[in-house]
Each structure stands twice: as structure tokens, then as C-alpha cells.
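Enquirer: The structure that follows is given in the form of C-alpha cells.
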Amino acid sequence: MKQFIAVFMLFSLFFMFFSCATTGALDSQQSQVQIRNYQTKSFDTSNKNNVLRNVIATMQDLGFIIEKADETLGTVSGYSFKNKTNMTVTVRQQGRQCIVRANAEINNNAVTEPLAYQNFFNALAQSLFLTANDII
Amino acid sequence: MKKIIVFLITIVLFAGCMNYKDLYTLDKNYLERRNIETRIFDTQNEKELLTACAQVLQDLGYTIKESDINLGVITAEKNREVGNKVGKVAMLILLGSDTVYEDVQKFYVNIVTTPTKEKAIKVRVLFTRKSWDNHGNIFSVEQITDTKVYQQFFEKLSQSVFLTTNGI
């Protein structure tokens, strides 16, 4: 048993130090389609500028500091001290819809939980509603 | 020995797990916070309002890090020392070199402008503060929620709008 544990530990160490070093830049645990599926949500509006402004407002509601914003590219990036999260949101227009995609990392790990993105998109939908009705 | 190994493996396995249920959810007071952080300005000239915002940030000693006029965004930050040097030296002499105290702080500010349907412009500002101790470790991170800070900022901004409009 001791031998097994020793071999296991050695294998773990080997795995930890050598497996990720070279392939890290392209590492992904899920397929591209799978990832895009939960990171993307489309909204029934063609006003890209308005969606981008609401993305910023939502990120502010969630305690993010906006670090980058580019209307031409349609990207907004921010950092949250509260969740220790780095997040980038992109908005692109497709016909009469705007497609919003978010990706985030927490503590040097990618957020791969669809529920987290659902929460973000729910908050964004709420913000779009408030703006559309000029509530606040 | 075996128990220790099992314990360590269990820790490694569960370390990566976290609760995603509440991640990126809005808290109950977010609308109240939005209200405190927002002021409506009776103008349609977003560019001029953003310029006045940049001016007031310079008044307050901030360095602008990011801005996009099309989205109405300005991000700025400033580094400041916490307390005075004399007090810190006195503390070290009295309590020893291992004493930990809040040493430096960084303020982050985000300003976002949004045109409203009533032909006015909403300005929303958000202040965050991060500080480090004398050993270089993070001491505190907080979103500034003091209503007075936001009131004072908007007073300064109103003044800045007036000064900028009049070319001062």
C-alpha cells in the first residue's frame, strides 16, 4: 500500500509540474460549441451601443471596475475585487439581435459553470429593462 | 500516515469546488446604490460632460487609465499614502518592526454617462479602494458606499461643468 501511495504521489507531482506547462495556452476542458453555448445570450435589440452601455451598468451593479471599453470592437473588460473575477464581455450585432458573450476567470481558473453566466445575463436583462423604461 | 494522505487528497479534490449559485447575482440594495451613484445633468452634450468629468478627476489627482467617448466611460486611479510617515515611524519604534499597519492605498473610479429619453444625461460614478500593509500584503478592498462621498463628487462635477462650459 505504501508503495502504491508513493507511486501515486510521484505521479501526481509529475503531472502537476509537467503536464500543463507547454499546452496551457490552448487548454480547454470543454468543446468550443459547449463553451459558446452557455457563455452566449442574444437579446432582441439592434442597438449595440445601448447593450454595451447596459453591460457596463450591469458590471458596475455587480461591483466590477471597468478596465477597458471599446465600442468599435464591442468589448468591455473589468475586474471585481469582491469575486476576484476578471471578465470580458463582447457584444456583436446580428440582424435585429445583439449577441452578448461573457467569459470569466476566478483565482486563476476559468469559470465553467453555466449558472454563473446565467446569473450575469439575468442581471443584464434586468438592466436593459430598466433602461428601456427609463426607470433609473 | 494513511489518514493524513487521504485528508490531503480530499482537500485537493474539494479546493476547486465553489458555490456558483450566488456568483454574479445582484444584491438587494443594487437599485438604491445606483440611485446614490447616479446624478442627472440637464444637457445633451455628452462629450462636454465627459470632458468636465475628466477635469474633475484631474482636480482630485486621478490618473486616467481608460476612456471611450462613444460608450461614455472613464476609468481612473490614484495612489496615496495612508496616514503620515512620522506616525508610522513612531509606531515601529514603540511596537517593533513586526507591526502591521495600513501603508498605501489605491482609489479606483469609474464614470459612465448615459443619455436618457428626456434629453438629459445620467452620470454614474463608482469609487473603490484597495490598500496594502507595510509588508506589501493586501490590507483591505472595499467599494466606497458613503453617500457623502458621492454627494461631494457630484457637487464638484456640477462646478466643473460650469467651469468647463465657460472655458475656465
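Enquirer: Of the numbered conditions (1) among the acidic types (Asp, Glu); (2) touching a residue at least 24 places away in the same chain (Cβ under 8 Å); (3) within 24 Å of B:VAL123 (Cβ to Cβ), A:ASP44 fails exactly one; give the number of that condition.
Expert: Unmet for A:ASP44, out of (1) among the acidic types (Asp, Glu); (2) touching a residue at least 24 places away in the same chain (Cβ under 8 Å); (3) within 24 Å of B:VAL123 (Cβ to Cβ): (3).
Enquirer: Identify all residues within region B:132-151 that are away from chain A (no Cβ under 11 Å) and of a type in the set (Asp, Glu); write none if there are none.
Expert: If the condition is that a residue be away from chain A (no Cβ under 11 Å) and of a type in the set (Asp, Glu), then B:ASP133, B:ASP146 are the ones that fit.
Enquirer: When you scan region A:37-136 for strands (runs of 3 or more DSSP E) that lie fully inside it, which ones turn up with 2 or more residues that are charged (D, E, K, R) and surrounded by fewer than 18 Cβ atoms within 10 Å (Cβ to Cβ)?
Expert: Where strands (runs of 3 or more DSSP E) fall fully within region A:37-136 and carry at least 2 residues being charged (D, E, K, R) and surrounded by fewer than 18 Cβ atoms within 10 Å (Cβ to Cβ), they are A:64-70.
Enquirer: Has region B:94-112 got at least one residue that is more than 25 Å from B:GLN143 (Cα to Cα), in a helix (DSSP H, G or I) and more than 13 Å from the chain's Cα centre (by Cα)?
Expert: Scanning region B:94-112 turns up at least one residue that is more than 25 Å from B:GLN143 (Cα to Cα), in a helix (DSSP H, G or I) and more than 13 Å from the chain's Cα centre (by Cα).
Enquirer: Can you tell me how many residues in region B:136-168 are closer than 21 Å to B:TYR108 by Cβ, among the β-branched types (Val, Ile, Thr) and either touching a Leu at 6+ places or on another chain (Cβ under 8 Å) or free of Cβ contacts under 8 Å to residues at least 60 places away in the same chain (or both)?
Expert: Of the residues in that region, 4 qualify.
Bear in mind that the values in this text are calculations on the coordinates, not laboratory data. Predicted model only: the values in this text are computed from it and were never measured. Virtual Cβ from ideal backbone geometry, glycine too; neighbours counted across all protein chains shown.
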